[in-house]
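The values are calculated or read from the model by the stated rules, or taken from the named source; none is laboratory data. Note that the structure is predicted; figures quoted are calculated from it, not measured. Every residue, glycine as well, gets a Cβ built from its backbone with ideal geometry; the counts of neighbours run over all protein chains shown.
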Amino acid sequence: MSMHKELLVLGLLTSGPRTGYDIQRIVAAHGDLYTDLKKGNVYYLLERLAAAAFLEVQSEAGAPGPLRERHIYTLTAKGRERFNSLLREVVRSFELLHTGVEVGMVFLPYLPPEEAILLLDERRQTINARLALVEQEAKATERLHEQLAQDHLVTLLEAERSWTERALQRLRHRNESSPPSSAASCPGDPTRQD
């Protein structure tokens, strides 16, 4: 279970009991701030947290849907301890974020140079669109803690954009200044010289 996702679900229950639907609505309303917590993840995490005794679950009759009941989740004392522990750990720790593009760069020689440039340019455009959206969301809040969270996302996106632009520049320069070469050895081979 991802530490920050677990922290998010527990944190949303610190203010009081909620249904899974309530939590999902809050997550959806916060756009890119909670973007990696999908609807299926919310319900999966709620079940796992309840099984670990971090949450108490009560069923309430009369809800719409085939089961005709809704589950209401409440943070237990053990859950509050877990929330406090996770909060401290997430704030103090640093873990390098791998997006998978590192692996893609290792195997980039398998693509024609022009296609690699086009794909990275698409990546740059996607990053720019996402950055504009996050910056817009950041302006919409006056709460310092939410501004700090949004600022972190903006900084990560700016770093991704900067790297992508440098990669594009280097690939374009190499494509213009050197003739095509064949891949004689496997990309990622430490003995290969590019």
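The table below lists the values:
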{"read-out": "Number of positions in region 162-178 that are exposed (fewer than 10 other Cβ atoms within 10 Å of the Cβ) and either charged (D, E, K, R) or in a helix (DSSP H, G or I) (or both)", "value": "2"}
{"read-out": "Leading residue by the ranking (farthest from ASP151 (Cα to Cα)) among those in region 81-140 that are without any contact (Cβ under 8 Å) to a residue 24 or more places away in the chain and hydroxyl-bearing (Ser, Thr, Tyr)", "value": "SER85"}
{"read-out": "Condition check for ILE117: out of contact with any Cys (no Cβ under 8 Å at 6 or more places or on another chain), farther than 25 Å from GLU95 by Cβ, of a type outside the set (Lys, Arg) and at pLDDT 90 or above", "value": "yes"}
{"read-out": "Test: ALA28 is under 17 Å from the mean Cα position of the chain (by Cα) and at pLDDT below 85", "value": "yes"}
{"read-out": "Residue in region 153-160 that is touching a His at 6+ places or on another chain (Cβ under 9 Å) and either closer than 22 Å to PRO109 by Cβ or among the acidic types (Asp, Glu) (or both) present", "value": "no"}
{"read-out": "Residue identified as outside any loop (DSSP other than H, G, I, E, B), closer than 30 Å to THR141 by Cα and modelled with pLDDT under 85 among LEU33, LEU87", "value": "LEU33"}
